[in-house]
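Engineer: Encoded as structure tokens, here's the structure I'll be asking about.
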Amino acid sequence: MTVLAPKRPYLLRAYFDWLVDNDLTPYLVVNADYPYVDVPVEYVRDGQIVLNLSPNAVGNLSLGNEEIRFSARFNGVIRHIVIPLGAALAIYARENGDGVMFEDEEVYEIAEINDDQPIGFADIVDTPSDENKEKSKEQSQAQKKTSHLRILD
């Protein structure tokens, strides 16, 4: 049996386009507790956040097959937002509530289950060995001995 691509990114883009084409304000409901969601936590309520995706509210909007990315102002501060598609719960119009709640899809449940240990920057970078630490100390001490300043006449 052929594994089908998830429907969510296609439905999200279709509803987004339809809402914008009809001069409606697209609101996205996001599960803020989903792995790798990067949203302003101070606006999260009950594990969810509702984001305005209208073209005049966001910049650099990317509705990809795996994640949604954009930048937006929150209380005057520009924030870069990243939302994995598994965290997108619904898209609807602010004006009349017309939209869609996304059904659960196995591909997003598997991603959540297999995410026991997220990879962080510290996991990727090699920790320096004792030998490297010692060399680094010697180099910094050698640099400290010679000054970059000189006396002018």
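Engineer: Label-point separation (nm) for residue 95 and residue 80, each offset 7 Å from Cα along Cα-to-Cβ?
Structural biologist: 3.4
Engineer: Can you list the HN-Hα couplings for region 18-23, worked out from phi with the Karplus curve (6.51, -1.76, 1.60; θ = phi - 60°), rounded to whole Hz and with x for Gly and Pro?
Structural biologist: Values per residue, Gly and Pro as x: 4, 5, 5, 4, 9, 6 Hz.
Engineer: Now a separate question. As an exercise, use a Förster radius of 22 Å and the Cβ-Cβ distance of residue 103 and residue 42 to find the FRET efficiency, rounded to the nearest 0.05.
Structural biologist: So, using R0 = 22 Å, E works out to roughly 0.15.
Every number in this text was worked out from the coordinates using simple rules, so none of it is lab data. What you are looking at is a predicted structure, and each value in this text was computed from that prediction instead of being measured. Backbone-built Cβ (ideal geometry, glycine too); neighbour counts: all protein chains shown.
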